[in-house]
1. If I model a spin label at GLU123 and LEU64 as a point 7 Å from the Cα along the Cα→Cβ vector, what separation in nanometres do I get?
2. Determine how large the accessible area of ASP191 is when every protein chain is in place; take a 1.4 Å probe and give Å² rounded to the nearest 10.
3. What would the Debye formula give as log10 I(q)/I(0) at q = 0.16, 0.19, 0.23 Å⁻¹ for the alpha-carbon point model of region 416-526, no solvent?
4. Rounded to two decimals, what ratio of Rg to Rh does region 51-202 give with C-alpha atoms and a Kirkwood Rh?
5. So what is the 222 nm mean residue ellipticity for the chain from helices alone, if each DSSP H run of at least 4 adds -39500 (n - 2.57) and you divide by all residues, rounding to the nearest 500 deg cm²/dmol?
6. Just need the relative contact order of the chain here, percent rounded to a whole number, with Cα pairs under 8 Å and 6+ apart.
7. Take the alpha carbon atoms of region 120-134, find their center, do the same for region 233-290, and report the distance between the two centers in whole angstrom.
8. Multiply the residue separation of GLN417 and ILE218 by 0.36 nm, subtract the distance between their alpha-carbon atoms, and state the gained length in nm to one decimal.
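The values are calculated or read from the model by the stated rules, or taken from the named source; none is laboratory data. Owing to the predicted nature of the structure, the values given are computational and were not obtained by experimental measurement. Cβ placement follows ideal geometry from the backbone for every residue including glycine, while neighbour counts extend to all protein chains displayed. Accessible surface areas use protein heavy atoms only, side chains included; no ligands, DNA or RNA. Shrake-Rupley method; radii C 1.70, N 1.55, O 1.52, S 1.80 Å.
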Amino acid sequence: MPSVNPVKRWRLKAEPDPAVVRALTYERCPQAGAVILAQRGIRDPRMAAAFFRPSLNDLHDPFLMAGMQAAVERIEQALGDNERIMVYGDYDVDGTTAVALVYSFLCRFTGNITFYIPDRYSEGYGVSFTGIDRAADERVGLIIALDCGIKSVDKVAYARERGIDFIICDHHLPGEALPDAVAVLDPKRPDCPYPFKELSGCGIGFKLMQAFARHNGIPFEDLEPSLDLVAISTACDIVPVTGENRILCHFGLKHLNDSPRPGVRAMMGMANVKKRLCVGDLVFSIGPRINAAGRIEHGRQAVELLLAHDQRQADAIALLVDGNNSQRQELDRAMTQEALAHIDGDDYLRSSWSTVVFNRAWHKGVVGIVASRLVERHYRPTVVLTESGGKAVGSARSVKGFDVYEAISACSHLLEQFGGHMYAAGLTLPMENLEAFRARFEEAVRMSIRPEQRVPEEEVDLELRLDAIDEPLLRILKHMAPFGPGNMRPVFLARGVVDSGQARIVGEHHLKLRLMHPESPGRSYDAIAFKQAEWLPVVKGGAPFSVLYAIEENEWQGRTTIQLNIKDIKQGVEGVLVGEEALAASGS
């Protein structure tokens with residue numbers, strides 16, 4: 001049966017230590033919940049209590065971060081001398097939330113402060129010479145760079161020549177040499193003893209303000225409302241929602257829901273979000289609108305929206321941001337269709353293990369999104385390029401477990417610049433190197449990708465019949481939020497389910513179902529399978545099939561019900577998990 005989606009393999013997670021499961025199982029935590037907790041590294045009731053009840057008291061001491069003392073002292077010197085400060089950040093969600101957080105907090109102590117977001121098209125990512133020149137023109141003495149700067153050795157040296165100091169707050173991997181800044185705050189520095197390495201750029205900005213507040217006897221409560229911005233950045237920058245990030249995200253979501261700032265309230269209205277925000281809402285409704293400002297117009301617009309104190313002002317800016325997001329969506333759709341058609345019509349691309357596509361007419365601000373769409377469809381490391389300033393510029397996205405940054409590094413002799421991490425990267429190269437880059441990137445992928453990384457995989461937490469879903473399990477799942485990388489919403493396998501006869505296509509290729517086991521018709525659940533309309537003939541055929549599902553709450557017209565989010569569907573009942581066929585053949 002033809003499918004618009006890649007065929008996925010299903011793999012059941014390893015069974016945890018039975019002794020750990022027994023230790024975690026009690027009246028309010030059924031065995032299924034205990035298994036899921038144990039799979040996530042929770043070994044005893046004490047760890048479970050800390051997981052279910054995050055505490056701000058468990059945040060790490062910010063002064064454990066290398067360079068923190070020097071950073072705080074330099075800020076205090078600037079404030080004492082009434083020196084002009086520039087808060088500088090990248091144009092994406094992480095950068096703009098970080099700028100809004102640090103700028104708004106420092107505004108309490110000085111009026112001699114400004115912020116700067118580089119232009120995506122004329123300046124590109126990170127610290128720019130243009131930004132430093134602007135700072136010099138405005139007589140800035142200190143730049144606090146957020147979510148960028150870790151590799152800006154030449155830019156920081158240039159700033160020093162112009163009499164400007166830098167404090168760098170970054171979370172990307174450093175290069176061989178660190179910039180000669182007053183302080184470089186980055187837990188990924190090899191010499192940094194900070195115990196948690198996965199903060200977002202905004203999270204590191206928050207730690208800087210936490211250290212500043214502590215050093216000056218400012219109550220933590222004064223800083224706590226800004227955790228809403230940390231939660232947005234943590235969700236949208238796809239950093240692990242574990243450890244310290246889980247605490248920051250938990251309390252940030254609380255502030256977002258209990259007292260959203262005007263800019264967030266305005267975006268919720270534009271996105272028609274009428275329920276309590278969760279991580280998914282931040283990723284799919286709030287984040288894209290913040291990002292759209294920098295993609296279509298200018299990232300400064302997003303900062304102004306997040307800083308707005310008046311609801312009327314926030315609503316006006318949000319209207320512009322929402323218009324940018326609509327334009328971004330249209331560009332996304334058109335460019336994705338063009339790229340898919342290009343792949344389908346090219347023999348080399350159809351047979352490649354990687355995808356590198358170029359079109360000089362494509363919009364630079366959307367190439368990363370399109371790369372993600374192509375990975376969804378063809379599931380292979382992907383680079384999408386366009387022309388800007390006479391160069392080929394673009395973004396790369398990867399598949400699970402494959403380091404696309406390393407593959408791009410293998411092509412460094414063909415590139416003018418590149419940066420990023422395992423799953424996403426940006427790059428610039430001369431136009432004449434395009435074909436050589438495509439060939440070298442393909443070679444790098446073929447040399448290092450493992451066979452299993454070429455097939456999308458869904459990890460299954462537990463096999464669970466639909467009629468085994470009960471209140472204690474639902475309660476445990478609810479308290480496992482916030483979900484995200486490192487703590488994804490649990491995925492269950494149910495075999496031998498059928499549709500009650502209500503299956504239909506809704507929206508854009510989504511499948512609406514009501515599922516049950518034939519022998520338990522009284523225990524049926526509404527279900528939605530996003531972008532899986534191709535399965536309608538199988539579902540309506542009447543034969544039992546198997547599904548992977550997550551359990552979610554659906555709010556509609558003031559009523560909350562359980563809804564299953566169907567991750568994938570397979571025909572039949574046996575042999576749906578990796579290795580089952582081999583086990584059956586061997587008689588095991």
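1. 3.4 nm
2. Its heavy atoms expose roughly 100 Å² to the probe.
3. Ignoring solvent entirely, the Cα scatterers give -0.96, -1.14, -1.36.
4. Working: Rg = 15.1 Å, Rh = 15.7 Å.
Checking Rg against Rh, the ratio lands at 0.96.
5. On the way: 22 runs with 234 residues, N = 588.
So the calculated ellipticity at 222 nm is -12000 deg cm²/dmol.
6. On the way: 1133 pairs, mean separation 73.4, N = 588.
Contact order relative to length: 12 percent.
7. Cα centroid to Cα centroid, the span is 28 Å.
8. Working it through step by step, the gained length comes to 67.5 nm.
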